[in-house]
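Structure first, then comments.
The values are calculated or read from the model by the stated rules, or taken from the named source; none is laboratory data. Computed from a prediction, not measured in an experiment: that's the story for all the values here. As a convention, Cβ positions derive from the backbone with ideal geometry for all residues, glycine included, and neighbour counts pool all protein chains shown. Only protein heavy atoms, including side chains, enter the accessible area calculation; ligands, DNA and RNA are left aside. Shrake-Rupley method; radii C 1.70, N 1.55, O 1.52, S 1.80 Å.
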Amino acid sequence: MSLKDQLFADLKTAMKEKDTVRKDTIQLIRSGILQIEKDNKIELDEEGVLDVVAKQLKSRRDSLPDFEKSGRQDLVDQLNREIEILLGYLPEQLSETEIQAIVEAAVEECEAKTMKDMGKVMALVTPKVKGRADNKVVGNFVKKLLQGK
């Protein structure tokens, strides 16, 4: 079953179970997919759908600290639930150890020495971790490794 079919089936289930958070989250994913398909007149493949899910996840993770600062615990709880739902559609996330190993291999491969080489390293690492790790985390590992040299 493709991810798009899975999303549709999960949407129907969420509607039957009256799970509004799951329903709303899936509808946002599906509307993002539809928007891209209509704008570009294409049919998204699995990777494209994963990109939409990853973008939605990043959006929620980015807004989480703002809600925590403002003391809106109800919205923090809802965002955490949405993040959990979105993670269910992405491949298994890499551990910090796995990310660090990928970054170290990329640094050696492109012989990066300074922070000026960060773009080269990220260009090698990003396709390997796409959808399985947050680019902020990856970028922090790259910075830490390059500043230590």
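Pop out the carbon and sulfur fraction of the accessible area of segment 15-149 as a percent, whole number, probe 1.4 Å. Numbers along the way, then the final one.
Details: 4390 of 8630 Å².
With neighbouring chains kept in place, the figure for segment 15-149 is 51 percent.
Would you list, by chain and number, the aspartates and glutamates whose Cα falls below 18 Å from the Cα of Lys16, excluding same-chain residues fewer than 8 positions away?
Reachable aspartates and glutamates: Asp5, Asp24.
So, for the chain, what is the accessible surface per residue at a probe of 1.4 Å, expressed in square angstrom?
Numbers: 9410 Å² over 149 residues.
I get 63 Å² per residue for this part.
Taking 25 Å as R0, compute the FRET efficiency from the Cβ-Cβ separation of Asp45 and Asn135 and round it to 0.05.
Working: r = 21 Å, r/R0 = 0.84.
That gives a FRET efficiency of 0.75.
Can you list the HN-Hα couplings for segment 42-58, worked out from phi with the Karplus curve (6.51, -1.76, 1.60; θ = phi - 60°), rounded to whole Hz and with x for Gly and Pro?
Working through the residues one at a time gives 9, 10, 5, 8, 4, 5, x, 5, 4, 4, 5, 5, 5, 5, 5, 5, 4 Hz.
Along the three principal axes, how long is segment 12-149 when you take its alpha carbons, biggest first, rounded to the nearest angstrom?
Rounded to whole Å, the extents work out to 55, 42, 24 Å.
Please count, across segment 29-116, the pairs of lysine residues with Cα atoms under 23 Å apart that sit 8 or more places apart or on different chains. If you can, show how the numbers build up before the last one.
Values: Lys38/Lys55; Lys38/Lys58; Lys41/Lys55; Lys55/Lys69; Lys58/Lys69.
So the count of such lysine pairs works out to 5.
Rounded to the nearest 10 Å², what accessible area does Lys128 have for a 1.4 Å probe in the complete protein model?
About 90 Å², rounded to the nearest 10.
Across segment 120-133, in residue order, what do the Karplus-derived ³J(HN,Hα) couplings come to in whole Hz, using 6.51 cos²θ - 1.76 cosθ + 1.60 with θ = phi - 60° and x for Gly and Pro?
5, 5, 4, 5, 7, 7, 3, x, 6, 10, 3, x, 10, 7
Based on alpha-carbon centroids, what's the gap between segment 26-75 and segment 90-149 in Å, whole number please?
Here the answer is 23 Å between Cα centres.
Would you work out the charge dipole size for the chain about its Cα centre, treating the Cβ of every Lys and Arg as +1 and the Cβ of every Asp and Glu as -1, and quote it to the nearest 20 debye? Show your work: numbers first, answer last.
Details: 26 positive and 28 negative charges, 83 e Å.
It works out to roughly 400 debye.
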